[in-house]
1. When you scan the stretch 124-165, how many residues do you find that are under 17 Å from Gln182 (Cα atoms), open to solvent by 40 Å² or more (accessible area, probe 1.4 Å) and over 16 Å from the mean Cα position of the chain (by Cα)?
2. Which one of these does Gly86 not meet: (1) open to solvent by less than 40 Å² (accessible area, probe 1.4 Å); (2) in a loop (DSSP other than H, G, I, E, B); (3) at pLDDT 50 or above; (4) within 21 Å of Phe318 (Cβ to Cβ)?
3. Name the pairs: first residue in the stretch 296-309 and touching a residue at least 40 places away in the same chain (Cβ under 8 Å), second residue assigned to a loop (DSSP other than H, G, I, E, B) and among the hydrophobic types (A, V, I, L, M, F, W, C), Cβ to Cβ under 6 Å, at least 6 apart or on different chains?
4. Of all residues in the stretch 149-178, which are hydroxyl-bearing (Ser, Thr, Tyr) and not in a strand (DSSP E or B)?
5. So which strands (runs of 3 or more DSSP E) stay within the stretch 265-370 end to end and still have 2 or more residues that are polar (S, T, N, Q) and exposed (fewer than 15 other Cβ atoms within 10 Å of the Cβ)?
6. Residue by residue through the stretch 129-160, note down the ones that are in contact (Cβ under 8 Å) with a residue 12 or more places away in the chain and farther than 23 Å from Ser95 by Cα.
7. In the stretch 171-207, which residues are surrounded by fewer than 16 Cβ atoms within 10 Å (Cβ to Cβ) and more than 20 Å from the chain's Cα centre (by Cα)?
8. Filter the stretch 109-123 down to the residues that are part of a loop (DSSP other than H, G, I, E, B) and open to solvent by 20 Å² or more (accessible area, probe 1.4 Å), then identify the one that is nearest to Asp98 (Cα to Cα).
Amino acid sequence: MRVNGRAGWLGKVIALAGALVWLASCGGSSSGGSGSTGRNAFLAVPQANAIAAYRVDPSSGSFKSVLGSPFSGGTSPTSIAVHPSGKFIYAANQSGNDVSTFKIDSNTGELTEVLPRTAAGLNPSSLVMDSGGNLIFVANATSNDISVFLVSASDGTLTAVQGSPFATGPKPVALALSPSGQFLYAASGNLPLVFGYSVGSGTGTLTTVPNSPFAVESPPFALTVDPSGHFLYTANFSVNTVSGMSIDGTTGVLTPTSGSPFSTGKNPISMTVDPSGKFLYVANLGDNTISAYAIDSGTGVTTKLLKSPFTSGAEPVFITTDPAGKFVYVSNQSAKTISQFVIQETGGIPTSTTTTTTVLAPGELVFAKQ
């Protein structure tokens, strides 16, 4: 998900943007008014200090810009999450050291920022929310800690939980939360380690799980947990592998799966598991490909899909699926495009269908679930 200085040419991007990836908006025609159909999608646009908003056609998966998009916000928003109610979106502003809250107009998809912004730690680089929309977690890469906030169900405002921020390993660049919200994992951008925490029920306080941190092959650039909450995967950027680890449902302890780590393309930088939990997709920055794997639901062991890897645009930096699991989207930084793939119902093999040209280098893309 995030790019650091060891990626050579990306060092200039980091120096200029103060970010681990550059995120920008998709192109597309304008859409607005209560007659719009489909779900909302959002992109962070750090170069414009804004969030772009789109309506997504449920059949084709294509984007249409919401009228007035992009919407101004904090400085260099780099990581975003949508509240499960579809009423709010949150953005970690990497250069502003804070978090923005936006209200989402239910009819038009337009965004309105709610001020003041909420203070975070230094260089917030990753933001995740629990499935109930009750807690937000923010990894602060320079202050080496994790901020935790309670979310108001009525107006979406954020309040720091007792004890926040919580110390973690050096340079936390990515977070992953188990679907139950019971366990949180943080990737160190400097060390080949994943730090694990139990999340206090109702309080959001973080407690280190037994045997944490857990070793992987190299400093991981991305983490993802499958929808069952049984398995965690790490993108090991510098050694071209992904580590698979089983999650103990009681303790949160991580244990390598059989055959882990397994090979990917060059410089895996972002990953996603489809909503069914059957398939893992990996964006490989160094060779402009997407690796695809079937996941054994009992063991977490992966098997490369037929014809994998698949060609993407130049420098893919982020990958995700839509909530229905019909499409894979890949943000191609250098090409300034977003590749859209159709996921075959049998076999999970992605078939390229559409490429959207963007004005700026695209990055993280998130979808509202409503």
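1. Residues that pass the stated criteria total 3.
2. Exception for Gly86: condition (4).
3. Cβ pairs passing all conditions: Leu305/Ile349.
4. Taking the stretch 149-178 as the starting set, the residues that turn out to be hydroxyl-bearing (Ser, Thr, Tyr) are 152, 154, 157, 159, 164, 168, 178.
Of everything in the stretch 149-178, those that are hydroxyl-bearing (Ser, Thr, Tyr) and not in a strand (DSSP E or B) turn out to be Ser152, Ser154, Thr157, Ser164, Thr168, Ser178.
5. Of the strands (runs of 3 or more DSSP E) lying wholly inside the stretch 265-370, those with at least 2 residues that are polar (S, T, N, Q) and exposed (fewer than 15 other Cβ atoms within 10 Å of the Cβ) span 350-357.
6. Result: Asp130, Ser131, Gly132, Gly133, Asn134, Ala153, Asp155.
7. Ser201, Gly202, Thr203, Thr207 - these are the residues of the stretch 171-207 that are surrounded by fewer than 16 Cβ atoms within 10 Å (Cβ to Cβ) and more than 20 Å from the chain's Cα centre (by Cα).
8. Of all residues in the stretch 109-123, those part of a loop (DSSP other than H, G, I, E, B) come to 109-110, 120-123.
Narrowing the set further to residues that are open to solvent by 20 Å² or more (accessible area, probe 1.4 Å) leaves 110, 120, 122-123.
Values: Glu110: 22, Ala120: 5, Leu122: 8, Asn123: 9 Å.
Here the residue is Ala120.
The values are calculated or read from the model by the stated rules, or taken from the named source; none is laboratory data. From a predicted model like this one, the values you see are computed outputs, not experimental measurements. Positions of Cβ are backbone-derived with ideal geometry, glycine not excepted, and every protein chain shown enters the neighbour counts. Quick note on the areas: whole protein, heavy atoms, side chains included, nothing else; ligands and nucleic acids left out. Shrake-Rupley method; radii C 1.70, N 1.55, O 1.52, S 1.80 Å.
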